[in-house]
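Chemist: Quick one: this structure, given as structure tokens, is what I'll be asking you about.
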Amino acid sequence: MNEPGYVTVDVVVSDAAVRESTRILLDINEYDGQDFTSGTEFILAGRHTDCLLTDRILSDMTGLDLLEHLRVSGDATPAVMMTGRIDAEMAAHAGRLSLALIEKPPLSDSLLDSIRDACRHSASCASAHAVAVPARFPAALEATEAHNPSWIDHAGTGVAIFDAEHRKLNELVMDYYDAILAGEDEGSLNKLLQKLAEETEWHFTHEENYMRFTGFDDGGHHVETHRRLSEALRRVPTLARSSEESRTFAALAVLRFLKHWLIGHIVNEDRALGAFLNSKGIR
């Protein structure tokens, strides 16, 4: 971060835990700004800020509703919205509002990069951030990418069938996250987790078949990683129940855990396999 100093980032998030943790991250990186618990509170404050960070769901409206109001009022403040899912309709709507999207829970670097990218369109931020560092996974979706709007598509392996299976796993992870937030009972959560575990095992078997049939050899490291990730999935129910905080906190903890191993495995192992298969003409 290049000495943001006077740059202000206002946070409009209704969930107290998310709002407070976000402000801590911004404070550490020397961003000024104020926090608001609702869209109405922010609108009534009449604030002028360098960047607005909001959530998809607020207590009184959606983040998209808030940006609609601001844009109709002539407010062109750069904005970033956190959301659990990004679909084509949302991506298109956000594009019309010049609103960057980032999936929850965002990695700290990705969130800061998203803010920096949004600020590039603001003169006050441009002077503070001469060079924008690209996010590890793009936070905003261009209109041409709206048909495949997910971070997982930007972490592709080069093999279409594997990328399709990764997208399915990502959807199951998000289903589990949504179920925790919705307060689903333990039986329902276990069914969703079982489905995720089954699809994960099938995907691993599929990859390992390709390794065997094409002669891919990484000393067994890739297969051993599959075994460790299968074991990690068995710990998820305990992680979901162990938090004494709000359901939101527990859901974010689970989502961060699942997405981190999914992202890490794709980047560190699956891409190497994909490059090998590409060399064999498999795409």
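The values are calculated or read from the model by the stated rules, or taken from the named source; none is laboratory data. As the structure is a computational prediction, the values presented were derived from the model and not from experiment. Virtual Cβ from ideal backbone geometry, glycine too; neighbours counted across all protein chains shown.
Chemist: Output the residue which, of all residues in the range 206-247 that are touching a Leu at 6+ places or on another chain (Cβ under 9 Å) and modelled with pLDDT of 85 or more, is surrounded by the fewest Cβ atoms within 10 Å (Cβ to Cβ).
Modeler: Among them, the one singled out is THR214.
Chemist: Identify, by number, the condition in (1) surrounded by 16 or more Cβ atoms within 10 Å (Cβ to Cβ); (2) farther than 27 Å from ILE266 by Cβ; (3) modelled with pLDDT under 80 that PRO149 doesn't meet.
Modeler: (2)
Chemist: Looking at THR83, THR37, which one is farther than 22 Å from ASP113 by Cα, without any contact (Cβ under 8 Å) to a residue 60 or more places away in the chain and assigned by TED's automatic domain parsing to the domain that holds PRO105? Quick ask: steps written out before the conclusion?
Modeler: Values: THR83 fails: farther than 22 Å from ASP113 by Cα.
Residue meeting the stated conditions: THR37.
Chemist: Name the helices (runs of 4 or more DSSP H) wholly inside the range 1-77 in which the number of residues that are under 21 Å from the mean Cα position of the chain (by Cα) and crowded, with 18+ Cβ neighbours inside 10 Å is 3 or more. Talk me through it step by step, then tell me what you get.
Modeler: Numbers: elements: 16-28, 39-45, 63-72.
Once the helices (runs of 4 or more DSSP H) in the range 1-77 are filtered for at least 3 residues that are under 21 Å from the mean Cα position of the chain (by Cα) and crowded, with 18+ Cβ neighbours inside 10 Å, what remains is 16-28, 63-72.
Chemist: Any idea which of (1) closer than 17 Å to THR8 by Cβ; (2) without any contact (Cβ under 8 Å) to a residue 24 or more places away in the chain is the one THR62 doesn't satisfy?
Modeler: (1)
Chemist: Could you list, ordered by first residue, the pairs with Cβ atoms under 9 Å in which the first is in the range 108-126 and closer than 17 Å to THR54 by Cβ and at pLDDT 75 or above and the second is surrounded by 14 or more Cβ atoms within 10 Å (Cβ to Cβ) and aromatic (Phe, Trp, Tyr), at least 6 apart or interchain?
Modeler: SER110/PHE137; SER110/TRP151; LEU112/TYR31; ILE115/TYR31
Chemist: Within the range 67-83, which residues are touching an Asp or Glu at 6+ places or on another chain (Cβ under 9 Å) and within 24 Å of ASN29 (Cα to Cα)?
Modeler: THR77, PRO78, VAL80, MET81, MET82, THR83
Chemist: Separate question: Return a yes/no flag: does the range 180-202 have any residue that is under 17 Å from HIS222 (Cα atoms) and surrounded by fewer than 19 Cβ atoms within 10 Å (Cβ to Cβ).
Modeler: Filtering the range 180-202 down to residues under 17 Å from HIS222 (Cα atoms) leaves 200-202.
Now restrict to residues that are surrounded by fewer than 19 Cβ atoms within 10 Å (Cβ to Cβ): 201-202.
Scanning the range 180-202 turns up at least one residue that is under 17 Å from HIS222 (Cα atoms) and surrounded by fewer than 19 Cβ atoms within 10 Å (Cβ to Cβ).
Chemist: Condition first: among the β-branched types (Val, Ile, Thr) and either closer than 22 Å to LYS104 by Cα or touching a residue at least 60 places away in the same chain (Cβ under 8 Å) (or both). Now tell me which residues in the range 173-213 satisfy that.
Modeler: Our first condition is that a residue be among the β-branched types (Val, Ile, Thr); within the range 173-213, this holds for 173, 180, 200, 205.
Scanning the range 173-213 gives VAL173, ILE180, THR200.
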